[in-house]
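*Asks:* Have a look at this one before I ask anything.
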Amino acid sequence: MEKRNLRKERIGVVTSNKMLKSIVVSEVKKIKHPIYGKFVLKTKKYVAHDEKESCNEGDTVKIMETRPLSKTKRWRLVDIIERAK
C-alpha cells in the first residue's frame, strides 16, 4: 500500500458562509515583530469545502488540506469545535 503524507490542519473562525458548500475561515496569529518586539496580529484566509452547509459565521472550526476542489478551494471542513453564540 502507498503511504500518504500527513495533511496540514488549521483552526480558525468562519468569516463568511454565503457561498454554496463553501466557507471562508480566518486564522489569526500573534507574531512578534523582529525589530521592535511588539506583537502584531496576522490574519490568513482559507476557502474551505463545507458539504453539509452546517457552519455559520462566528463558528470555530478545524479544516484540513485536500486536493484542489476549485480555483481557490484547497481545504475541507473536518470538525466544528465551537458554535457561535
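The values are calculated or read from the model by the stated rules, or taken from the named source; none is laboratory data. Not measured: the values here are computed from a predicted model. Every residue, glycine as well, gets a Cβ built from its backbone with ideal geometry; the counts of neighbours run over all protein chains shown.
*Asks:* Find the residue count for region 32-85, including only residues that are more than 16 Å from the chain's Cα centre (by Cα) and within 12 Å of residue 11 (Cα to Cα).
*Replies:* 0
*Asks:* State which residue pairs qualify: first residue within 11 Å of residue 59 (Cα to Cα) and at pLDDT 95 or above and inside region 6-32, second residue among the acidic types (Asp, Glu) and part of a strand (DSSP E or B) in any location, beta carbons under 9 Å apart, and separation of 6 or more residues or different chains.
*Replies:* Final answer for the pair search is 11/27; 12/27; 13/27.
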